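Input: a single structure, listed below in structure tokens.
The values are calculated or read from the model by the stated rules, or taken from the named source; none is laboratory data. Being a predicted model, the structure only gives us computed values, none of them experimental. Note that we place each Cβ from the backbone using ideal geometry, even for glycine, and neighbour counts take in every protein chain shown.
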Amino acid sequence: MSKNIARLAVTAGLTAALSFGGVMAPVTMAFADGTPVATTIGNVTIKDDDYAGTTFKGIKIFSATVTQDQTSPNVWDSTDEKTLSDIKWASDEVRDAVTGEFNSDTTDPSKPNNINDAAAWAKWIKTKTEAEYEAGTNQTTNLNVGTTLDRIAKALEKVTATNATTGWKTSTDGKFNDLPAGYWLFVTDQPGSTKSTNKTNGNDDAFTSPIFTIVGGADVNAEPKKSVPKVTKAVMDDKGDKFVTDVNKTVFTAANKAADSASEQLIKYQLAGTVASNINTYKKYSYTFTDELPCTMVPNLNGNNPVVEVKIDNSVVDPACYSATYAPGKSTNTLTVSFENLKEAKDTHGTSINVDGSSTVYVNYEAKLDAGKINADMLGKAQVNNVMLTYSNNPHTDGTGTTVEHPAYDYTYGIDVTKVGSNDETKGLKGVEFTLQEQGDTNKFIMANGVKTTDGAKAKLTTDDSGKINVVGLDEGTYVLTEVTPAPGYNNSAANGVTFTIKRDLNQNGGDVIPSADSAINAASGVVKNNSATASTGKLSFTIVDQKGTGLPLTGLNGVTFTWIAGGAVLCIGVAHLIRSRKQAEESEQE
């Protein structure tokens, strides 16, 4: 027994007990609470409940006999450190990959000279890692880019051995059973997606940071050392001033998803994304927001470029660190904000911004409903804006993943007004002119497409052959519809205006919105037809009644008529007498 302990103590000085995520733990000798037992096989399980279809790859670095205490037969003391003895390279390919990675480090005299001396290399790896992580390492430590273990993992990803005996194995369920004992590296082989689970769509998975562990003794149960970025989109309603109204929540848990707006009114949007918790393991971290607006909406532009503000936490990012582009399309208009390397971001003063696993990236911009694209069919229906995030998902390659699309919604409304006469309320009056204004805004008039103007003549709304006017692109609010020119033969009953209110309850899930018709219309008695106010998807309808003009009584008509008749009779008698007199005179001359 004493000989065995002595041998293990010597070996411990040449080896490393390494745990998850590239973590190195100190080797200790503590057999007082149990009996040390050597083993040549072990089991590893990498559990990931969120992503289906992800496969993992195990690469054996060192073959060894692994010793750990047992508290009773076949029961390992999981609190006891594992030690390795009889260390050998797992394969020539692994040896050449690891040692070849450090061949160029001519300034490090501590590097072993003999590439076949596996124990010496194990000791060197342990010493280098302890120096790189002065505060110590544990199971939550991720490997910083460029550190010894990170470089080893990157080099070993190129190894293509074909079976566990020579040091290579894959698993589609994260379970590795009866692996040869030794020191192993586990990495992601192919990322999966939540699309493979009971969810309808989801993020692409990210590659785990390297998991270095000792196989043998107690089973190894690990979780992938990574996190997948997430993205969301919020919209600021014009009746408020915040993207998140609940002060106890964040934009990821309680973002405002819906707002309504008038035609050509700029609305504030915010895109927000997280970064990988192990971003320190990436040398280059690409990061791109792709925002799909409906064809009915356009962002605020400066020339052909979208006007955006990009922030990392509270720091405004220098525009030189990212690209912002806009591309109109037939069905969607696309706004893109892209970082080639988020880790190199600087603020507007040129100071580097620290980006770590707790950082949030924001993109703020404004967009509006295009007056030329608004029509009656879209009233009350969600204009859907989707954002997606594309991110680096492998610390050692240029691979990328994508997030779920996250939506925000914008709504607009309209009115459908019918003009009739009191003598026939089933027939519309053509050619009646109105103006529409928002209550309290007497200097501006609203045109049929919802756009405001100071030119009242330009904004006149004229009833068609059916006696109707239709206005689209209205926001929630109170309006005044004023009749300025009635139909011929009718009185102007709405000269003092009909006041109506578009009330709504915004649907945060993108469903249709129907304004409320209850107590929404106010006018003088008889101006609005009783029970004519109705509400449908996105639209308020009502009927305005004009009174038929009334004639005034006339006097003297009969006397005038008699005078004309008498005068005519006298004239006829005079003419007849004249004709008879001339005839008699002619007869006398002939005699």
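Structure summary
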{"quantity": "Matching entry among F289, F243 (being without any contact (Cβ under 8 Å) to a residue 40 or more places away in the chain, over 30 Å from D86 (Cα atoms), of a type in the set (F, W, Y) and not assigned by TED's automatic domain parsing to the domain that holds N449)", "calculated": "F243"}
{"quantity": "Residue in the stretch 505-521 that is nearest to Y479 (Cα to Cα), counting only those that are modelled with pLDDT under 85 and among the charged types (D, E, K, R)", "calculated": "D518"}
{"quantity": "K346 being within 22 Å of D237 (Cα to Cα), surrounded by 13 or more Cβ atoms within 10 Å (Cβ to Cβ) and at pLDDT 95 or above", "calculated": "no"}
{"quantity": "Selection status of G329, touching a Cys at 6+ places or on another chain (Cβ under 9 Å) and modelled with pLDDT under 95", "calculated": "yes"}
{"quantity": "Residue within the stretch 359-371 that is assigned by TED's automatic domain parsing to the domain that holds G273, farther than 30 Å from G511 by Cβ and not in a strand (DSSP E or B) present", "calculated": "yes"}
{"quantity": "Qualifying positions in the stretch 220-241 - part of a loop (DSSP other than H, G, I, E, B) and surrounded by 13 or more Cβ atoms within 10 Å (Cβ to Cβ)", "calculated": "E223, P224, K226, S227, V228, P229, K230, D237, D238"}
{"quantity": "Whichever residue in the stretch 435-455 is over 19 Å from V417 (Cβ atoms) and of a type in the set (V, I, T) and, among such residues, is surrounded by the most Cβ atoms within 10 Å (Cβ to Cβ)", "calculated": "T453"}
{"quantity": "Test: residue in the stretch 196-217 that is outside any strand (DSSP E or B), on the phi < 0 side of the Ramachandran plot and modelled with pLDDT of 85 or more", "calculated": "yes"}
{"quantity": "Residues (basic (K, R) and either within 20 Å of the chain's Cα centre (by Cα) or surrounded by 19 or more Cβ atoms within 10 Å (Cβ to Cβ) (or both)) located in the stretch 279-329", "calculated": "K311"}
{"quantity": "Selected residue (criterion: farthest from A234 (Cα to Cα)) from residues of the stretch 473-529 that are over 43 Å from the mean Cα position of the chain (by Cα) and assigned to a strand (DSSP E or B)", "calculated": "Y490"}
{"quantity": "Set K419, K468, K444, K460: member being under 27 Å from M297 (Cα atoms), of a type in the set (D, E, K, R) and in contact (Cβ under 8 Å) with a residue 12 or more places away in the chain", "calculated": "K460"}
{"quantity": "Of the criteria (1) in contact (Cβ under 8 Å) with a residue 60 or more places away in the chain; (2) outside any strand (DSSP E or B); (3) not assigned by TED's automatic domain parsing to the domain that holds G53, which one Y269 fails", "calculated": "(2)"}
{"quantity": "Residue match in the stretch 142-161 (condition: assigned by TED's automatic domain parsing to the domain that holds D69, out of contact with any Gly (no Cβ under 6 Å at 6 or more places or on another chain) and more than 25 Å from I279 (Cα to Cα))", "calculated": "yes"}
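Yes/no matrix, rows are residues, columns are (1) surrounded by 12 or more Cβ atoms within 10 Å (Cβ to Cβ); (2) among the charged types (D, E, K, R); (3) at pLDDT 80 or above:
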site: S104; (1), (2), (3): no, no, no
site: N116; (1), (2), (3): yes, no, yes
site: A122; (1), (2), (3): yes, no, yes
site: K126; (1), (2), (3): yes, yes, yes
site: V145; (1), (2), (3): yes, no, yes
site: T148; (1), (2), (3): yes, no, yes
